Amino acid sequence: MPLKIAASIPSADFARLAEQVKLVESHADVIHIDCMDAYFVPVLSVGPVVVESLRPHSTLPFRSPDPADTARRLATATGKR
C-alpha cells in the first residue's frame with residue numbers, strides 16, 4: 001500500500017484555516033479533521049460548521065476518525081460523509 005500524507009487540521013492556525021489548507025494541498029493526500037464530538041471530548045471544537053465552511057477551499061478528500069456514534073450523527077447533520 002502506498003504511503004499517504006495527511007495534513008492535520010488541529011495543527012493549523014484556526015484564524016487562517018482556509019489559507020493553511022491551501023498551503024499544504026500540494027504536499028498532502030488528504031486533510032485530517034479531528035471532529036471533537038462532545039462525547040469523548042467535552043468541547044465541540046471542530047464540527048459540521050467548520051468542515052462545511054472549509055469544503056469549498058480544498059479539492060483534497062477530508063478524513064475524520066469515527067470514534068463514536070456522535071461523529072456519525074454530525075456527518076449526517078451536514079448531509080455529507
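Quick look at the numbers
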| read-out | value |
| --- | --- |
| Segment Arg63-Phe14, length gained on full extension (0.36 nm per residue, minus Cα span) | 15.9 nm |
| Calculated FRET efficiency for the pair Met1/Lys22, C-beta based, R₀ 25 Å, to 0.05 | 0.35 |
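Bear in mind these aren't lab numbers, they're just calculated from the coordinates by the rules spelled out. All of these numbers come straight from a predicted model, not from anything done at the bench. No Cβ is skipped: glycine too gets one built from the backbone with ideal geometry, and neighbour counts run over all protein chains shown.
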